[in-house]
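Student: Quick one: the structure is below, and I'll ask about it shortly.
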Amino acid sequence: MITIENLTKFYGHNRAVNNISFTINDNEILGFLGPNGAGKSTTMNMIAGYLPMSGGTVSICGTDISKEPVKAKSKIGYLPQDPPVYPDMRVKEYMSFCAGLKRIPRAERKDEINRVMELLRITDVKDKLIKNLSGGYKRRVGFAQAIMGNPEFIILDEPTVGLDPNQVIEVRSIIKDLKKSHSVIFSSHILSEVSEVCDRVVIINKGDIRAIDTIENLEKSFGTSLVLHIKVKGSKTKSASIIEMTRGVKEITDIIEEDGNIFSFTTQLDGDAEEIRRSLMSELIKNNIDILEIYTDKPNLENVFIELINRPANSGNLMDLVDEITPSGNPEPDEKEED
């Protein structure tokens with residue numbers, strides 16, 4: 001387990017990460033989400049030991065990364081936002097170099113290098129100079145060095161940036177497989193990607209954590225803010241009146257008039273969507289209104305993300321998922337600012 005407690009980062013007088021705390025469990029895929037400038041890359045750099053923290057602790061299986069960096073970092077594989085590759089090296093040469101840095105025994109290096117190259121499908125470019133590779137291939141080379149040596153924890157910052165659709169599918173599959181024997185934390189701007197592979201997510205904005213939970217729980221928390229669409233044939237006035245009078249319908253937000261007395265209503269619900277839908281259908285049928293179509297828009301991770309990052313920082317977190325964190329201390333400022 002990785003335990004992050006009260007992690008803080010200052011760049012000069014600007015606080016980029018604000019006293020955040022969370023854990024990365026064993027055999028878990030944790031998504032790290034936030035808009036540009038939210039503090040994602042800064043946080044991941046501190047967890048990996050690439051960037052000194054201004055305050056707080058990062059503990060890797062009980063080892064404080066600030067006090068015993070070599071021991072702690074030996075358990076981590078890291079793919080930063082910019083892959084740490086040497087452009088004038090050939091791919092296989094770079095893999096060998098990384099194997100030496102990770103102190104993989106010489107007798108095991110060849111097999112390990114071949115394993116990670118085959119897994120990331122870079123064997124076909126093993127003799128090419130890295131500077132001549134496409135951006136997608138460079139990222140896959142960086143990913144290969146991150147998993148070399150089978151570290152317990154793998155940290156991936158935007159691992160699918162620059163990949164074509166087929167490569168994205170392959171990398172997603174690799175990430176899912178890694179969960180069997182590793183813990184993975186990765187950031188991504190592709191929310192559908194996060195929904196597909198992650199067990200939990202951390203949503204961060206302006207250095208503050210806005211939510212930590214499973215995607216399912218976050219989506220359920222927005223269950224009382226559903227949108228229902230209904231298309232009917234009949235009287236517009238009567239249909240609107242029935243819809244507005246139905247218990248659980250907050251308001252009609254849009255009406256579109258189509259051909260031949262056909263109207264599409266968009267409504268905002270407050271309550272059990274299925275119960276509201278049944279009541280509404282029953283009343284419309286009683287009043288001889290033909291129902292042509294009816295469905296609800298269920299909240300998804302994108303809805304949750306947009307809602308949370310647009311909330312004021314002092315408004316509290318969704319459903320008390322995360323306690324409000326008050327910054328403390330006055331650490332020495334650092335100089336350079338990152339995402």
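Rule-based calculations on the coordinates, nothing more; no lab input. Remember, it's a predicted structure, so these values are computed and weren't measured experimentally. Glycine also receives a Cβ, built like all others from the backbone with ideal geometry; neighbour counts cover every protein chain displayed.
Student: From the square roots a ≥ b ≥ c of the eigenvalues of the alpha-carbon gyration tensor of the stretch 71-122, which class results: rounded (a/c under 1.5), prolate (a/b over b/c), or oblate? Let's see the in-between values first.
Tutor: Working: a/c = 1.44, a/b = 1.01, b/c = 1.42.
Since a/c stays below 1.5, the shape of the stretch 71-122 is classed as rounded.
Student: Follow-up question, since we're still on this one. Roughly how many nanometres apart are two label points built 7 Å out from the Cα toward the Cβ at Cys61 and Asp297?
Tutor: 4.7
Student: Can you put Glu251, Glu219 in order of Cβ neighbours within 10 angstrom, beginning with the fewest?
Tutor: On the way: Glu251 11, Glu219 17.
Lowest count first: Glu251, Glu219.
Student: Against the longest alpha carbon principal axis of the chain, how many degrees, from 0 to 90 and to the nearest 10, is the axis of helix 91-101 turned?
Tutor: Approximately 70 degrees, to the nearest ten.
Student: Listing Cys198, Cys61 from the residue with the fewest other Cβ atoms within 10 Å to the one with the most, what is the order?
Tutor: Cys61, Cys198
Student: Given only helices, namely DSSP H runs of n ≥ 4 each adding -39500 (n - 2.57), what is the per-residue ellipticity at 222 nm of the chain, to the nearest 500 deg cm²/dmol?
Tutor: -9500 deg cm²/dmol
Student: Where does each of Met89, Met117, Met245 land when they are ranked from fewest to most other beta-carbon atoms within 10 angstrom?
Tutor: Listed from fewest to most nearby Cβ atoms, that is Met245, Met89, Met117.
Student: Evaluate the relative contact order of the stretch 227-297 (contact order divided by residue number), counting alpha-carbon pairs under 8 angstrom at least 6 apart; express in whole percent.
Tutor: It comes to 47 percent, rounded to a whole number.
Student: Note the angle between two axes, namely the Cα long axis of helix 165-178 and the longest principal axis of the Cα atoms of the chain, as a number of degrees from 0 to 90, rounded to the nearest 10.
Tutor: Between helix and principal axis, roughly 70 degrees.
Student: May I ask which residue of Leu269, Gly34, Ser96 lies farthest towards the positive end of the charge dipole of the chain, with charges of +1 (Lys, Arg) and -1 (Asp, Glu) on Cβ and the Cα centre as origin?
Tutor: Ser96
Student: Quick one: which of Lys92/Lys138; Lys138/Lys206; Lys40/Lys71; Lys131/Lys179; Lys9/Lys40; Lys75/Lys180 span more than 20 angstrom between C-alpha atoms? Don't skip to the end; give the middle numbers.
Tutor: Values: Lys92/Lys138 13 Å; Lys138/Lys206 30 Å; Lys40/Lys71 24 Å; Lys131/Lys179 31 Å; Lys9/Lys40 12 Å; Lys75/Lys180 16 Å.
Violating the 20 Å Cα-Cα cut-off are Lys138/Lys206; Lys40/Lys71; Lys131/Lys179.
Student: Straight distance only, please: which lysines reach the Cα of Lys238 with their own Cα at less than 24 Å, same-chain residues fewer than 8 apart left out?
Tutor: Candidates past the 8-residue exclusion: Lys250, Lys286.
Student: Can you quote the Å³ per residue value for the convex hull of the Cα atoms in the stretch 227-297, rounded to an integer?
Tutor: Cα-based convex hull of the stretch 227-297, divided per residue, equals 71 Å³.
Student: How big is the chain along each principal axis, measuring the range of its Cα positions in Å and listing the largest first?
Tutor: On the principal axes, the chain reaches 81, 51, 31 Å in Cα extent.
Student: Can I ask one more? Mind checking the full-extension length gain between Asn6 and Lys75? Use 0.36 nm per residue of separation minus the Cα-Cα distance, one decimal, nm.
Tutor: Length difference between fully extended and current span is 22.7 nm.
Student: Could you pull out the trypsin sites (Lys or Arg not before Pro) across the stretch 38-78 that fall in loop regions by DSSP (anything but H, G, I, E, B) with no more than 10 other Cβ atoms inside 10 Å? Write out the running numbers ahead of the final one.
Tutor: Values: sites: Lys40, Lys67, Lys71, Lys73, Lys75; in loops: Lys67, Lys75.
Counting only loop positions with at most 10 other Cβ atoms within 10 Å, the trypsin sites (Lys or Arg not before Pro) in the stretch 38-78 are Lys67.
Student: Then there is this: Largest first, please: the extent of the C-alpha atoms of the stretch 81-190 along each principal axis, to the nearest Å.
Tutor: So the extents along the principal axes, rounded to whole Å, are 37, 32, 20.
Student: Amide H of Ala38: which non-local residues (sequence gap of 5 or more, or other chain) have their own amide H closer than 5 Å, using H built in the peptide plane?
Tutor: Close amide H contacts, sequence-distant or interchain: Lys206.
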